[in-house]
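Reviewing the structure listed below.
The values are calculated or read from the model by the stated rules, or taken from the named source; none is laboratory data. Bear in mind the structure is a predicted one, so any value in this text is a computation, not a measurement. Here the Cβ positions follow ideal geometry from the backbone for every residue, glycine too, while neighbour counts run over all protein chains shown.
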Amino acid sequence: MLSADEVKKHFIQPGYRRLFEAVRRKMESMRGRVAGRVVLEQLTEEECSRLSGLLGIPCLSEDKLTVKLPILERRMLESRWRIGLAELVPLVTGTPLVSNHERREQKLQTWEQFCDRLAELCLRTESCRWVEKLRAGEGAGTRTLKSLLEDEEQRAFEWAALIVRAVDELPCWEDRKERLPVFGNRLCGDPHVFDGDQQLGRLLHQVLSDLFDPSSGGTAERKRELMAEAGLMADDLSSQVFLLGLKPISSERFRPIFDTFYEAGIPVILPLAAARADLVWESVSRVYVVENPSVFQTIVDAWPSGRAWPAVMCTSGQPSVAALKVLDALVEKGSLVFYSGDFDRKGLEMASSFQKRYPESFCAWRMGSDDYVAHDKGLWWDKEELRILSTLSLPWDELLIETIQKRKLKVFQESFVERLIKDLLIHF
């Protein structure tokens, strides 16, 4: 019988690799038994040559090769190698044979030990409850942490431990407030650790949703409200909106600023901190909302000197909490919301969101199928975007989704900004 090193040296050649990887997977699914069959397709020339000799049958690259494991084992035992698959496969693949059942048991045991370690860190019933939900596979973040645990056990534990500490030290337990970046920095030295675009930020939001309001949505507005319930205050300066032609009537502090910018034709950048200041806006019959700063600025640049400004808002992408707060106040006073955005996924998602938020006040501005087909420049929708498009509700034009799905062209606001300007000039 040849030595293990000699066997390994021969069978680790590329011509055998795919076969024995497939055999390993099959044996693991059969709890280590030599049973069943494997199928290889699109064999390389080297595989054809090697496997023809090993199996004693002609192997052609265009054929599917079906190998029955009991027959393969018998050939191996009767050959000069005199080795069974249970010994050969781990030797060649470098991976011990572990049945799928054993692997599931190992994962379950690892998860139990992981949750045991976390439970030792909990100081409050709220964090204990989250860990017990994790243990049962029901807690917020279970899938994220299990996936991370398979590849980076230490990192997974550090993440979960930080969430436990965050729950234990939420400012709301002491009836106080703390800025989210300050909170993150205090816990781990990183002020951005719980930012909304970070994985730990998303994980914390999921856990807080589970604790305070399992039915809460994922909008930026609701996330801020949820954080506030936990005593965590977001940055009120980065949430902002561009405004022109709007003036507050209730604030002696802010009115001079708006008047000055209005006369100069300069947009006001209103942060959430100011939008929260109980501003009461002058009544306007319409507020025009555009998605893109370049379109907003083009409207400003083209507006005739000395002519009264229309009420125009730019969200610069998805509407911030500041933008929604201003729109809510205007709609409450009777304003109609004329929204215009890109004919792409984000632009239409925004349109759908505005329509649902302001069902009696929303007007689609140059967002119909006729407007869409009038332009032939843009980029292409991909399959996933088109799939998501089919889930949207666009009740102002029943043909729009079907038209886009057939044409598959994204059309951006910049293509029809001149049409938007003409609309504004007609009404003002």
If the requirement is being assigned to a loop (DSSP other than H, G, I, E, B) and in contact with a His (Cβ under 8 Å, 6 or more places away or on another chain), which of these qualifies: Gly184, Gly196?
Gly196
Considering only region 59-69, state which residues are surrounded by 13 or more Cβ atoms within 10 Å (Cβ to Cβ) and either touching a residue at least 40 places away in the same chain (Cβ under 8 Å) or not basic (Lys, Arg) (or both).
Cys59, Asp63, Leu65, Val67, Leu69
Could we say that Glu120 is more than 30 Å from Arg224 (Cβ to Cβ), assigned by TED's automatic domain parsing to the domain that holds Leu208, acidic (Asp, Glu) and surrounded by fewer than 13 Cβ atoms within 10 Å (Cβ to Cβ) here?
yes
From Phe157, Phe194, grab the single residue that is under 29 Å from Ala274 (Cα atoms) and crowded, with 17+ Cβ neighbours inside 10 Å.
Phe194
Within region 29-57, of all residues that are surrounded by fewer than 14 Cβ atoms within 10 Å (Cβ to Cβ) and in a helix (DSSP H, G or I), the one farthest from the chain's Cα centre (by Cα) is Gly53
Scanning region 402-414 residue by residue, those part of a helix (DSSP H, G or I) and surrounded by 18 or more Cβ atoms within 10 Å (Cβ to Cβ) turn out to be Ile404, Gln413
Where Val300 falls short, out of the listed (1) in contact (Cβ under 8 Å) with a residue 12 or more places away in the chain; (2) more than 30 Å from Asn185 (Cα to Cα); (3) not in a helix (DSSP H, G or I)
(3)
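Listed here are the residues, each with its yes/no results for (1) within 28 Å of the chain's Cα centre (by Cα); (2) within 27 Å of Leu208 (Cα to Cα); (3) of a type in the set (Gly, Ala, Ser); (4) in a helix (DSSP H, G or I).
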site: Val98; (1), (2), (3), (4): no, no, no, no
site: Val131; (1), (2), (3), (4): yes, yes, no, yes
site: Gly137; (1), (2), (3), (4): yes, yes, yes, no
site: Leu148; (1), (2), (3), (4): yes, yes, no, yes
site: Ala156; (1), (2), (3), (4): yes, yes, yes, yes
site: Arg165; (1), (2), (3), (4): yes, yes, no, yes
Tell me whether region 322-335 contains one or more residues that are loosely packed, with under 15 Cβ neighbours inside 10 Å, in a helix (DSSP H, G or I) and of a type outside the set (A, V, I, L, M, F, W, C).
yes
Looking at region 166-181, which of the residues that are among the aliphatic types (A, V, I, L, M) and at pLDDT 95 or above is farthest from Ser127 (Cα to Cα)?
Leu170
Can you list residue pairs whose Cβ atoms sit under 9 Å apart, with the first residue in region 215-243 being of a type in the set (Lys, Arg) and the second being modelled with pLDDT under 75? Count only pairs 6 or more apart in sequence or on different chains.
Arg222/Ser216; Lys223/Ser216; Lys223/Gly217
Could you tell me whether any residue of region 96-109 is touching a Leu at 6+ places or on another chain (Cβ under 6 Å), surrounded by 11 or more Cβ atoms within 10 Å (Cβ to Cβ) and of a type outside the set (D, E, K, R)?
no
For region 409-428, pairs from a residue that is closer than 17 Å to Gly245 by Cβ and free of Cβ contacts under 8 Å to residues at least 40 places away in the same chain to a residue that is among the β-branched types (Val, Ile, Thr) and assigned to a helix (DSSP H, G or I), with Cβ under 6 Å and 6 or more apart or across chains, are none
Kindly evaluate Ser393 against the criterion of being under 15 Å from Leu243 (Cα atoms), in the same structural domain as Glu418 (by TED's automatic domain parsing) and assigned to a loop (DSSP other than H, G, I, E, B).
no
So, of the residues in region 366-401 that are loosely packed, with under 13 Cβ neighbours inside 10 Å and of a type in the set (D, E, K, R), which turns out to be nearest to Leu420 (Cα to Cα)?
Asp370
Residue count for region 51-100, restricted to those that are of a type in the set (S, T, N, Q) and in contact with a Lys or Arg (Cβ under 9 Å, 6 or more places away or on another chain):
5
Name every residue in region 260-293 that is under 24 Å from Cys363 (Cα atoms), part of a loop (DSSP other than H, G, I, E, B) and in contact with a helix residue (DSSP H, G or I) (Cβ under 8 Å, 6 or more places away or on another chain), in order of residue number.
Pro267, Val280, Val284, Glu291, Asn292
Scan region 123-142 for residues that are surrounded by fewer than 14 Cβ atoms within 10 Å (Cβ to Cβ) and in contact (Cβ under 8 Å) with a residue 24 or more places away in the chain and jot them down.
Leu123
Output yes when any residue across region 75-90 is more than 23 Å from Lys9 (Cα to Cα), in contact with a helix residue (DSSP H, G or I) (Cβ under 7 Å, 6 or more places away or on another chain) and surrounded by 14 or more Cβ atoms within 10 Å (Cβ to Cβ), and no when none is.
no
